[in-house]
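Read the structure below first, then the notes.
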Amino acid sequence: MATNIQEDIKNNSIEDINQDSDNSKQIQRKRKLKPFHKITTHRNPLNDNRFPEIPFCPGELDLVSRYPYYFGPNYTEPLKPKIELADIGCGFGGLLVGLSPLFPNKLIIGMEIRDKAVEYVQERIQKLREQGINSGSPSQYQNISVTRSNCMKYLPTYFVKGQLCKIFFLFPDPHFKRSNHRRRIISTTLLAEYAYVLADNGIIYTITDVHDLHTWMVTHISVHPLFERVTDEELESDPVIPLVRNCTEEGKKVAKSNGSKFLAVFRRKPRIPYNY
């Protein structure tokens, strides 16, 4: 009788161990699919948060650690590439991953205010780079990077005048309350900074699923003297548009729920030369 009880206890303990191992395997699978990053949905960009990586000027931006393939000893091209595309509020990095093979000779940076989101994108890029190296394509996804910053305060410290050819504002925080409209990423004051860092004929891409925010962005950019709206006919031949609509995680959520996406694209007018 005692022997049977001992065998039952032994069998139950083995089953419990097997169940625990199965649960641990499931947790491992979940970790591979989605790292454990507790990411907040919203942040107040007007708060004076500390950002340890803010450069004092564009020349002090650390490109070596962000793009080691292009600034390492094995890169033999005489001209080093520069950052020409910026995804403001890049979220989980979906657009960065989509743009990388489309612009292999241009450096692309994602800028995000949430620290946990930045950590997730960094891990995502690192895994994609390792996969490229293992598959015999060492340059794959080496042209994208992410940094934590508040673009409403520090954008001119990252880019010189006329450096960027494209800026993306995809599904930004709508800040519905009227008292919080000053937190919106598109405003008259900020548009002056975007015009400064954009090259002549540089493009601003905006998209949202909130019609009120779409109207806000279109109104503010349309009345700004340094921007003009890109026509629908021109957008049909733009290879970036499908990525803008469908590559981001927010865009996929909206498509899954059959929501509406409101797109507006603007061009930076050429600078007028001054005769001193």
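Rule-based calculations on the coordinates, nothing more; no lab input. Not measured: the values here are computed from a predicted model. Positions of Cβ are backbone-derived with ideal geometry, glycine not excepted, and every protein chain shown enters the neighbour counts.
Rg/Rh for the stretch 175-276 (Cα atoms only, Rh after Kirkwood) is 1.01.
In this Cβ point-charge picture (+1 for Lys and Arg, -1 for Asp and Glu), the stretch 146-229 has a dipole of about 320 debye about its Cα centre. One Cα centroid belongs to the stretch 148-168, the other to the stretch 120-139; the line between them spans 25 Å.
Using a simple spin-label model with pseudo-atoms 7 Å out from Cα toward Cβ, residue 274 and residue 82 lie 2.0 nm apart. Averaged over residues, the count of other Cβ atoms within 10 Å places the peptides 62-73, 145-156 in the sequence 145-156, 62-73, highest first. Taking label positions 7 Å along the Cα-Cβ direction at both residue 127 and residue 201, the computed distance is 4.0 nm, reported to one decimal. Here's the picture: charge each Lys and Arg Cβ at +1 and each Asp and Glu Cβ at -1 in the stretch 109-200, and of 150, 180, 162 the one pushed furthest to the positive end of that dipole is 180.
Suppose a student asked you for the relative contact order of the stretch 143-276, using Cα pairs under 8 Å spaced at least 6 residues apart; what percent would you report? Please list the in-between numbers first.
Working: 166 pairs, mean separation 40.4, N = 134.
Here the relative contact order equals 30 percent.
If you put +1 on each Lys and Arg Cβ and -1 on each Asp and Glu Cβ, how big is the dipole of the stretch 59-122 around its Cα centre, in Debye rounded to 20?
Numbers: 6 positive and 8 negative charges, 24 e Å.
That gives a dipole near 120 debye.
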